[in-house]
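Visitor: Input: one structure, supplied below.
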């Protein structure tokens, strides 16, 4: 059973997702991908998301307005060797177009901030595409700042396997 939280808006509640919500997570990620003009980049499947959530490697929260799911955030724990701090990293955050401007994004970010603090975290972090001016302005109003001194690099699954195959070491040496 998932947890339900009331909010300052009596029509808006928050629900912590369970692994059984994996298809809904993927649905919102696809909406986010479409909005970000990156639809092809969303290759997650409900099975993969369910696996991540079951293993506690990913979590999600949904916002319901008058009982309808209209907002979503997918996140995971992270830590920083630079600062020695832990935090939450928001990997997906979306408020449906029809619900923007009602303060629901503010409530979601406030909730995620409290959720992080309650877990002993000192950071809340996410990425934002550089062309998404409305989102950038929204985040800055929340007190967020841009850490733009580095680029993010990623090995694809194929490159990861190829790179791993090059390692010649042995466990327990």
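Visitor: So, in segment 88-100, of the ones that are out of contact with any helix residue (DSSP H, G or I) (no Cβ under 6 Å at 6 or more places or on another chain) and assigned to a strand (DSSP E or B), which residue ends up nearest to residue 9 (Cα to Cα)? Walk me through how you get there before you give the answer.
Guide: Within segment 88-100, the first condition is being out of contact with any helix residue (DSSP H, G or I) (no Cβ under 6 Å at 6 or more places or on another chain), and the residues that meet it are 89-91, 93, 96-100.
Narrowing further to those that are assigned to a strand (DSSP E or B): 89-91, 93.
Values: 89: 25, 90: 23, 91: 25, 93: 19 Å.
Of everything passing the filter in segment 88-100, 93 is nearest to residue 9 (Cα to Cα).
Visitor: In addition: Among the residues of segment 74-90, is there at least one that is within 19 Å of residue 4 (Cβ to Cβ) and modelled with pLDDT of 95 or more?
Guide: Taking every residue of segment 74-90 in turn, at least one turns out to be within 19 Å of residue 4 (Cβ to Cβ) and modelled with pLDDT of 95 or more.
Visitor: Next question. Looking only at segment 109-134, count how many residues are more than 19 Å from residue 79 (Cα to Cα), surrounded by 15 or more Cβ atoms within 10 Å (Cβ to Cβ) and modelled with pLDDT under 95. Don't jump to the end; show me each part of the working.
Guide: Looking only at segment 109-134, we keep the residues that are more than 19 Å from residue 79 (Cα to Cα), and these are 109-111, 128-134.
The next check asks that each one be surrounded by 15 or more Cβ atoms within 10 Å (Cβ to Cβ); those that pass are 109, 111, 128.
Filter once more, keeping what is modelled with pLDDT under 95: 109, 128.
Residues meeting the conditions: 2.
Visitor: Determine, yes or no, whether residue 97 is within 24 Å of residue 5 (Cα to Cα) and surrounded by fewer than 14 Cβ atoms within 10 Å (Cβ to Cβ).
Guide: So residue 97 passes the test.
Visitor: Look through 163, 168 and report the one residue that is outside any loop (DSSP other than H, G, I, E, B), free of Cβ contacts under 8 Å to residues at least 40 places away in the same chain, farther than 26 Å from residue 96 by Cα and over 18 Å from the mean Cα position of the chain (by Cα).
Guide: Checking each option against the conditions leaves just 163.
Visitor: On to the next question. Which number in (1) modelled with pLDDT of 95 or more; (2) in contact with a helix residue (DSSP H, G or I) (Cβ under 6 Å, 6 or more places away or on another chain) marks the one condition that residue 33 misses?
Guide: (1) is the only condition that residue 33 fails.
The values are calculated or read from the model by the stated rules, or taken from the named source; none is laboratory data. Since we're looking at a predicted model, the values are computed, not measured. Positions of Cβ are generated from backbone atoms using ideal geometry, with glycine treated the same way; all protein chains shown enter the neighbour counts.
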